[in-house]
Amino acid sequence: MKKVIFLITIAAALLFSGCETNPRVSVEPPFWEVCDEESGGRVYLLGSMHVGINAEYPEEVISAFEESDIVACEVDTVALSRDSGRLSDAMELMKCPKGTTAADCFGDSYEEIRGFFREKGIYNSVYDDYLPTVWSSLITSRVAREAGYSSEYGTETVFLNLAKQQGKQIYEIESEEFQYALNASQPMALQVYNVQSVIGENYDSALSQTHELYRAWSSFDSEALDKLCSAENIPEDLSEEYEEFYKAMYVDRQENMAEYITECLQSGETVFVIVGAMHYYAEPDILTLLEQKGYIAVIGYEIESK
């Protein structure tokens, strides 16, 4: 029983980082509208940040949400966080291969990585049962928390809670099983690199990058977001592994997201879509894929009030 409870705690740590009470700050996140003139279908596209601060969203975004009949997301993380069974099952997908531990996965880097986790006060021996991608999520959550951000104010959390309060239909484009299995399938060398890129002397850089990502998101800085999608920092010896995972993480998923959006438009539905902001910038991005299907996304802040 104790192990199951701790497993759920790890899963919750991947979903939620700590929070502090913050004054509300106005933001202008990536936001577009796509219409189908023939069917009358209308889809609003909001690029999300999984963590944030107490943000005040623009009137255009709130109006679009209120108008929509369906709120579509990658996964309903609010429902997932409340379902211990689903969390437990999802975390089972993140365990090390049978007969191995995190020490085997990390190899010579294990002692350094474990030492850094101890230094930050977040190490527990239970982590040794899990893949490096879990360690990566835990240290990234710590970075976000130290930078002052919380998933309580993450875009999905804010709007999914609103959707539940208003009784709106929520549609999951993916599933937690898919997402957890996808992360578990990362090439091992890339998983280890992702942890190493956040610890030690890289930690302060990770803090700065987190602030820059939030600044770019909150000000709809497309140039900065586009640059943050680049693979310029990936070591050359990991380029093949990165390309393999990039296809699964972005290319394939964005094609699926664009297909769902297209179906909504053609069926005449009004839908408010919330997916990670990077899916609108990582090539081939959702907007480009929609354009190939004959749809043009218009920046939501440039649309005249109806």
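Please treat every number below as a calculation from the coordinates, not as lab data. Only a predicted model underlies this, so the values are computations on that prediction, with no experimental measurement involved. Because the Cβ atoms are built from the backbone with ideal geometry, glycine has one as well, and the counts that use them run over all protein chains shown.
Identify which of 182, 45, 87 has the largest mean-square fluctuation in a Gaussian network model of the chain, with springs joining Cα atoms closer than 10 Å. Maximum among the listed residues: 182.
The alpha carbons of the chain give a radius of gyration and a Dmax of 19.6, 61 Å, in that order. Looking at the chain, the DSSP beta bridges with both ends there are about 35 percent antiparallel. Axis angle, to the nearest 10 degrees, between helix 155-166 and the longest C-alpha principal axis of the chain: 60 degrees. Taking other residues whose beta carbon is less than 10 angstrom from the beta carbon of residue 276, and scoring Lys, Arg as +1 and Asp, Glu as -1, yields -1. Springs join every pair of Cα atoms under 10 Å in this Gaussian network model of the chain, and among 167, 200, 99 the largest mean-square fluctuation is at 99. A cut-off under 11 angstrom between Cβ atoms defines the neighbours of residue 83, and their net charge, with Lys, Arg +1 and Asp, Glu -1, is -1. For segment 251-258, the Karplus equation 6.51 cos²θ - 1.76 cosθ + 1.60, evaluated at θ = phi - 60°, returns couplings of 4, 5, 5, 5, 5, 5, 5, 5 Hz by residue, with Gly and Pro reported as x. Here each label is just a point 7 Å from Cα along the line to Cβ, and for residue 219 and residue 301 those points are 1.1 nm apart.
When only alpha carbons are used to place a centre, segment 83-161 and segment 216-252 end up 21 Å from one another. Between the Cα long axis of helix 110-119 and the first principal axis of the chain there is an angle of about 70°, rounded to the nearest 10.
Once both axes come from the Cα atoms, what is the angle between helix 2-15 and the longest principal axis of the chain, in degrees from 0 to 90, rounded to 10? Between the helix axis and the principal axis of the chain, the angle is about 50 degrees. Computed from the alpha carbon atoms alone, the convex hull of segment 38-179 holds 148 Å³ per residue.
Calculated FRET efficiency, residue 124 to residue 37, Cβ-Cβ distance, R0 = 51 Å: about 0.35 to the nearest 0.05. Contact order for the chain, expressed relative to its length and based on alpha carbon pairs under 8 Å spaced 6+ residues apart, stands at 35 percent. With a threshold of 31 Å on the Cα-Cα distance, the over-threshold entries among 227/293; 95/120; 95/293; 247/293 are 95/293. The share of alpha-carbon pairs in segment 144-253 lying farther apart than 21 Å comes to 55%. Need one word for segment 141-203: rounded, prolate or oblate. Basis is the Cα gyration tensor (sqrt eigenvalues a ≥ b ≥ c); a/c below 1.5 gives rounded, then a/b vs b/c decides. It is oblate, given that a/c is not under 1.5 and a/b is not larger than b/c.
Full extension of the chain between residue 247 and residue 69 gives 60.9 nm of extra length, using 0.36 nm per residue less the Cα-Cα distance. Ordered from longest to shortest, the equivalent ellipsoid semi-axes for segment 237-306 are 27, 13, 10 Å, each the square root of 5 times a Cα gyration tensor eigenvalue.
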